Amino acid sequence: MRGAESEVTVSSRGEDRIRSGHPWIYRSDVVKADAEAGDLVRMVGARGRTIGHALYSDRSEIALRLLTPGAEPVTDAVWGERLDRAIRFRETLSIDATAYRLVHGEADRIPSFVVDRYGDYLVLQALSQGIDRRLKELTTLLVERLNPAGILARNDPRVRLLEGLERRVDVQHGTVPESIEVREGRFTFQVDPYRGQKTGLFLDQRENRVAAAQYARGRLLDAFSYNGGFALALAPRCDEVIAVDLSEDAVARIRANAERNGLGHVQARMMNVFDELRELERRGERFDTIVLDPPAFAKNKAAVPKALSGYKEINLRALKLLSPGGYLVTCSCSYNVSEAAFADVVAQAAVDAHAEVSVVERRMQGRDHPVLLTVPETFYLKCLILRKLA
Ligand code: SAH
């Protein structure tokens with residue numbers, strides 16, 4: 001390993017970016033790189049000053065991910081200290097669940113590294129060359145701190161291809177079963193850590209599920225339900241629950257989860273939400289609570305206009321299906337769509353649906369997925385809880 005002596009010179013625009021609190025340098029701002037894939041490098045500004053230490057990628061458009069600004073070097077102890085802080089922070093959150101995010105990349109100062117806890121197991125993701133290269137050491141540090149029964153690397157996200165890394169899933173430590181039981185509030189879920197979406201569950205919505213449960217009542221429609229996270233959390237307050245998802249596996253899991261938790265009034269439908277909303281409207285059906293939690297419609301900037309029209313359509317139809325006095329919990333996890341743009345499109349939907357709507361809560365991803373104040377895109381999950389007045 002060439003380690004700490006590797007050096008990358010960045011342009012003054014890149015230097016300004018770091019100074020403004022952004023932890024990434026793009027390839028176009030790299031002037032000269034004397035470094036190899038995944039190296040820990042000293043970043044040098046246009047005038048030869050050390051501006052920080054970072055992880056280098058020789059493939060990604062994100063060439064450098066900041067570890068430490070200024071001249072302070074990155075010692076071996078830094079990794080363990082950062083893990084300790086991330087773990088301690090979660091301990092302060094009084095999370096009423098056995099599944100949550102322990103390390104959220106840049107927001108825990110371990111860029112592109114994700115660690116989720118599922119009961120006695122950890123599921124991690126190495127999303128850059130630098131972290132991939134250090135995965136063994138990071139695994140050892142996690143074992144020393146948490147002594148998990150098993151650690152699974154879910155290194156299958158597509159973004160790894162941008163780093164020139166292969167997509168693979170492998171056990172890093174101990175054994176990891178095909179199915180792990182976890183608890184969220186009073187409900188239990190079976191999680192498939194090998195094949196489930198993300199690392200198994202949508203942990204980022206946990207607090208929004210708790211918040212939404214305060215308002216839920218009457219007839220509930222949970223659209224884009226996955227394994228029924230919202231449907232289950234809201235079901236005890238509702239008379240009838242319809243959960244809709246396109247995925248056969250998700251629908252089977254909603255049914256199994258509803259049964260396991262004694263919620264006989266939860267129905268799961270394998271349908272395209274766009275079609276189902278239209279059909280429910282045609283049949284004149286009404287709901288008192290609706291949850292819209294679609295996948296990221298805008299995966300990149302070019303997809304934003306189409307994404308906005310998708311958000312508008314589902315929100316328009318949901319507001320029409322909602323009874324006066326009912327609640328709409330509407331989410332967007334597209335980091336390319338700001339909260340303001342999302343709120344604007346939902347407002348247009350309300351106007352077109354002739355609905356008067358008040359904002360009950362404006363929410364974001366759970367606190368175990370922190371947002372960086374100086375990096376607006378890290379506020380990726382927006383959640384509005386709305387009330388239809390008339
Ligand atoms: N609400 C869930 C997370 C939803 S993730 C939770 O709290 O856990 C988005 C889900 O939408 C995925 O399960 C995906 O299978 C589903 N999906 C994507 N496009 C869809 C469509 N057009 N119709 C129905 N479901 C869809």
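The values are calculated or read from the model by the stated rules, or taken from the named source; none is laboratory data. Here the structure is a predicted model, which means the values were calculated and not measured. Cβ placement follows ideal geometry from the backbone for every residue including glycine, while neighbour counts extend to all protein chains displayed. Note: accessible area is taken over every heavy atom of the protein model, side chains too, but ligands, DNA and RNA are not part of it. Shrake-Rupley method; radii C 1.70, N 1.55, O 1.52, S 1.80 Å.
Share of carbon and sulfur in the accessible area of segment 107-195 stands at 48%, probe radius 1.4 Å. When 270, 43 are compared by accessible area at a 1.4 angstrom probe, the order from most to least is 270, 43. Result for the chain in a Gaussian network model with C-alpha springs under 10 Å: among 204, 108, 34, the largest mean-square fluctuation is at 34. Site pair residue 68 and residue 282 shows an inter-label distance of 6.3 nm when each label is modelled 7 Å from Cα along Cα→Cβ. Here is the size of segment 130-287 from its Cα atoms: Rg then Dmax, 18.6, 58 Å. Counting only residues at least eight positions apart within a chain, or on another chain, the aspartates and glutamates with an alpha carbon under 16 Å from that of residue 320 are 222, 275, 276, 279, 281, 285, 288, 352, 356. In straight-distance terms, cross-link reach from residue 299 covers every one of the lysines whose alpha-carbon lies under 27 Å from its own, apart from those fewer than eight places away in the same chain; here that gives 198, 312, 382. For the chain, the solvent-accessible area works out to 44 Å² per residue, with a probe of 1.4 Å and every protein chain left in place.
The modelled label-to-label distance for the pair residue 136/residue 27, using points 7 Å beyond Cα in the direction of Cβ, is 2.9 nm. For the chain, modelled as a GNM whose springs connect Cα atoms under 10 angstrom apart, the maximal fluctuation among 245, 275, 288 occurs at 275. Using Cβ point charges alone (K and R +1, D and E -1), the dipole size of segment 216-294 about the Cα centre works out to roughly 220 debye. For the chain, a Gaussian network of Cα nodes joined below 10 Å ranks 332, 12, 60 by mean-square fluctuation, and the top entry is 12.
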